[in-house]
Amino acid sequence: GPLRTVVTHLGLRPAERRRQAERLARALGDGPEGPCVLLGDFNDWLPGSPALRPLKQRCDVWRNPASFPSVLPCLALDRILALGLGRAVTIRRHASPLARRASDHLPVVMDLAPLALHPSAAASGPGGRAT
């Protein structure tokens with residue numbers, strides 16, 4: 001089936017990010033059924049950020065590496081969130097010399113297992129056995 005992809009760049013002020021996260025969470029809930037990936041610059045590095053709570057409550061995958069600043073990444077501003085994919089994903093930063101020169105943010109990459117796109121396969125373990 002299809003994989004819905006949503007890209008965002010949230011604002012710099014906490015109140016603005018909270019409003020934007022609330023609108024995104026509503027839009028994700030109102031969208032079509034099936035898996036979805038939300039990615040972008042969330043401009044928020046706090047692990048338990050109240051501004052991003054509406055999105056965190058809706059997502060299955062919420063772990064992201066530090067991506068900013070690219071020279072010595074210590075803040076996870078750039079995130080990839082997944083809905084309906086279970087845990088069949090890996091999220092990592094791409095830290096090549098070219099990526100460090102290209103931007104002050106490192107790219108964040110999701111490696112997605114093909115079986116994760118099929119709800120029955122995501123609920124199954126190796127060999128199709130339910131886990």
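Data table
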{"quantity": "Accessible-area composition of the range 58-111, carbon plus sulfur, in percent [1.4 Å probe]", "calculated": "58"}
{"quantity": "Compactness of the range 38-92 as Cα Rg over 2.2 N^0.38 Å, two decimals", "calculated": "1.11"}
{"quantity": "Average accessible surface area per residue within the range 47-108, 1.4 Å rolling probe, Å²", "calculated": "53"}
{"quantity": "q = 0.16, 0.18, 0.29 Å⁻¹, the range 15-64: log10 I(q)/I(0) [Debye, one scatterer per Cα]", "calculated": "-0.43, -0.55, -1.38"}
{"quantity": "Rounded to whole Å, sorted largest first: equivalent-ellipsoid semi-axes of the range 1-105, Cα gyration tensor", "calculated": "23, 17, 11"}
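The values are calculated or read from the model by the stated rules, or taken from the named source; none is laboratory data. What you see is a predicted model, and the numbers here were worked out from it, not measured in a lab. With ligands, DNA and RNA removed, areas are computed over all heavy atoms of the protein, side chains included. Shrake-Rupley method; radii C 1.70, N 1.55, O 1.52, S 1.80 Å.
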